[in-house]
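Let me begin by presenting the structure, written as structure tokens, before commenting on it.
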Amino acid sequence: MKKSITILVGSLLISSFSAFSQDAKAILDQLSQKANSYSSMKADFEYQMLNTKDDIDDTQKGSIITQGEKYHLNIAGQEIISDGKTMWTVINEAEEVQINNVPEESEMDDEYISPTKILTLWEKGFKYKYDQSTTLNGAAHHIINLYPQNPDGKSYHTIKLFIDKSKLEMSKIIIKGKDGTDFIYTIKNFTTNKSIPASTFSFNNPDFDVIDLR
């Protein structure tokens, strides 16, 4: 599950498949331009892990706040917080916090994608293809499929982006795992350009056990 979180939490320099790819490129370029204009972003989402073969269907709620390279992710009983340099992994039930440095790009493994890159996931490391138009919650959506350029190092084979045509915003992301498990993120509330307190992106609770891994 930890890998699926960090996966929710990345990027695509795109190569062309067909005429559909050209349509996808135009949509993704517009989406990147809009995302890069945000001074901050907050989203509440529903997270589902689904594997019908193994009878797995687990749904949880989460939230994410980003501002530049800073983020605060809350999911699956954990908070993952970063001020852009330091990363705190907070396990509230155990009253424990693990402290790490934010990895350099050269140190990142193939599964790590920064939560700050979720709205520009396609900009590096993927090929893409326009899949189809569909209706989601009464609104018209594009579906664009992303395929990792180096699939051998990934636990998934496809990421499906559901993009609201009128709002030009992502509404849903499905990560299709190679083992048959789908990780489905459905955005329930999305706001941008709000003032975020600096304390959102740091952690300091003297009652928690500290494990400093730096």
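Look through Thr200, Thr135, Thr158, Thr120 and report the one residue that is under 17 Å from the mean Cα position of the chain (by Cα), modelled with pLDDT of 95 or more and of a type outside the set (Asp, Glu). Before the answer, list the steps.
Details: Thr200 fails: under 17 Å from the mean Cα position of the chain (by Cα); Thr135 fails: under 17 Å from the mean Cα position of the chain (by Cα); Thr120 fails: modelled with pLDDT of 95 or more.
That would be Thr158, the only listed residue that is under 17 Å from the mean Cα position of the chain (by Cα), modelled with pLDDT of 95 or more and of a type outside the set (Asp, Glu).
Looking only at strands (runs of 3 or more DSSP E) that fall completely inside segment 164-214, which ones have 3 or more residues that are under 25 Å from Val90 (Cβ atoms)? Don't jump to the end; show me each part of the working.
Values: elements: 169-177, 182-192, 209-212.
Output list reads 182-192, 209-212.
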| task | Run His141 past the list (1) under 18 Å from the mean Cα position of the chain (by Cα); (2) surrounded by 16 or more Cβ atoms within 10 Å (Cβ to Cβ) and report the number of the one that doesn't hold. | result | (1)
| message | So the check is Cβ under 7 Å with 6+ separation or different chains; which pairs have a first residue in segment 26-43 that's assigned to a helix (DSSP H, G or I) and a second one that's of a type in the set (Asp, Glu)? | response | Ser32/Glu123
| query | What number goes with the only condition from (1) part of a helix (DSSP H, G or I); (2) at pLDDT below 50; (3) not β-branched (Val, Ile, Thr) that Asp23 does not pass? | reply | (2)
| task | State the number of residues belonging to segment 135-144 that are farther than 15 Å from Ile184 by Cβ and either in a strand (DSSP E or B) or in contact with a strand residue (DSSP E or B) (Cβ under 8 Å, 6 or more places away or on another chain) (or both). | result | 5
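Sort out which residues of segment 44-55 are assigned to a loop (DSSP other than H, G, I, E, B) and under 21 Å from Ala198 (Cα atoms), and write them in order of number. Don't jump to the end; show me each part of the working.
If we filter segment 44-55 for residues that are assigned to a loop (DSSP other than H, G, I, E, B), which is where we start, we get 52-55.
Those that are assigned to a loop (DSSP other than H, G, I, E, B) and under 21 Å from Ala198 (Cα atoms): none in segment 44-55.
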| Looking only at segment 25-53, which residues are buried (at least 16 other Cβ atoms within 10 Å of the Cβ) and closer than 17 Å to Ile143 by Cβ? | Lys25, Ile27, Leu28, Leu31
| task | Identify the residue in segment 87-99 that is crowded, with 16+ Cβ neighbours inside 10 Å and not hydrophobic (A, V, I, L, M, F, W, C) and, among all such residues, is nearest to Ile65 (Cα to Cα). | result | Thr89
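The values are calculated or read from the model by the stated rules, or taken from the named source; none is laboratory data. On a predicted model such as this, the values are computed, not experimentally measured, just so you know. So basically every Cβ, Gly included, is an ideal-geometry build from the backbone, and we count neighbours across all protein chains shown.
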